[in-house]
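Sending over a structure as structure tokens; questions will come in a sec.
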Amino acid sequence: MGPSEERNAIRDALAGHAGDDMAFVHFAPIQRCTLNPHYSLTTTPAGIYGYPVETVLADSERPLFASDSPYMFVFRPTEEARRTLLDVGTYDREVFNRDYARLEALFGRKAEHGLYDVMQRGGPRQNALKTMYLLTNWLAQSHQVEVESPEASPACFAWNDILRSLGYSGIVDRGHGLISWDIPAQCVFFADDAIEIVAAMDNPLVPSNPAPTGL
């Protein structure tokens, strides 16, 4: 089965959620849709990742990371989480100034040092959102948080903690490539209670698994 045929199988499974701009699909290796306590990637904050269903339905070519996992979940942010989403499409300098004031309150002069370093590396034309994203990552490298397993990435859980401290329940990016340049439409939610599962199913590409739980 080629990439287009594989995507078509996934699209068929998601067709019932067409038109829901707050529906996201998550691929999982286990029968739960949850924040992985062993999260070990180093370039993104720890969280529950997914793709906008509308994007998956519209694009049959772009590969989806983890789409070879045996389970699929469709989820939506809770009503409370929707009020505190970071929407990549609407973030501007005014929002950055608010976030930076909070970072200064949390980290003092370290926030200023981090901003200087990020701006030096990114240049003066770097947009407000990218600056905030890189600054919170910079601060996370020395921010101490406890992790549940030796495989987990402390810095990425620290990054999660900082973004939640700014008041964000998650990030929704519908095509700007903030979270990952090679997968421009993506979302991440920072805690299990920020989402509600609306459908759980076998991945049609790996059909011989026990039915997933989590509804």
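The values are calculated or read from the model by the stated rules, or taken from the named source; none is laboratory data. Computed from a predicted model, the values in this text were never measured in an experiment. Cβ placement follows ideal geometry from the backbone for every residue including glycine, while neighbour counts extend to all protein chains displayed. Surface areas here come from the heavy atoms of the whole protein model, side chains and all, with no ligands, DNA or RNA. Shrake-Rupley method; radii C 1.70, N 1.55, O 1.52, S 1.80 Å.
Quote to one decimal, in nm, the extra length available between Glu80 and Tyr116 on full extension: 0.36 nm per residue of separation minus the C-alpha distance between them.
Gain on stretching Glu80 to Tyr116: 9.5 nm.
Turning to a different aspect of this structure: For every other residue with a beta carbon closer than 14 angstrom to the beta carbon of Cys156, add +1 if it is Lys or Arg and -1 if Asp or Glu, then tell me the sum.
On the way: positive: Arg164; negative: Glu146, Glu148, Glu151, Asp161.
Surrounding charge for Cys156 is -3.
Rounded, prolate or oblate: which fits the range 46-188 when a ≥ b ≥ c are the square roots of the eigenvalues of the alpha-carbon gyration tensor, with rounded for a/c under 1.5 and prolate only if a/b beats b/c?
Cα axes put the range 46-188 in the prolate bin.
Given a 1.4 angstrom probe, I'd like the percentage of the accessible area of the range 67-215 that is carbon and sulfur, rounded to a whole number.
49
Turning to a different aspect of this structure: With axes computed from alpha carbons, what is the tilt in degrees of helix 109-122 against the longest principal axis of the chain, rounded to the nearest 10 within 0 to 90?
That works out to roughly 70 degrees.
For the range 151-212, what class follows from the C-alpha gyration tensor (a ≥ b ≥ c being the square roots of its eigenvalues): rounded when a/c is under 1.5, otherwise prolate if a/b is larger than b/c, else oblate?
Judged from the Cα gyration tensor, the range 151-212 comes out prolate (a/c at least 1.5, a/b above b/c).
Follow-up. Nearest 10 degrees is fine. How inclined is helix 128-140 to the longest principal axis of the chain, computing both from alpha carbons?
Computed tilt is about 80 degrees.
With a probe of 1.4 Å, find how much accessible area the chain has per residue, and write the answer as a whole number in Å².
It amounts to 51 Å² per residue over the chain.
Here is a follow-up. Note down the net charge around Thr78, summing +1 for each Lys or Arg and -1 for each Asp or Glu among other residues with Cβ under 15 Å from its Cβ.
-2
Express as a percent, rounded to the nearest 5, the fraction of DSSP beta bridges in the chain (both residues included) that run antiparallel. It would help to have the intermediate numbers written out before the result.
On the way: 22 of 25 bridges.
About 90 percent, rounded to the nearest 5.
Hey, what angle do you get for helix 154-165 against the long axis of the chain, alpha-carbon based, 0 to 90 degrees rounded to 10?
Orientation of helix 154-165: about 80 degrees from the principal axis.
Rounded to the nearest 500, what is the 222 nm mean residue ellipticity of the chain from helices alone, with -39500 (n - 2.57) per DSSP H run of 4+ residues and division by all residues?
It lands at -10500 deg cm²/dmol.
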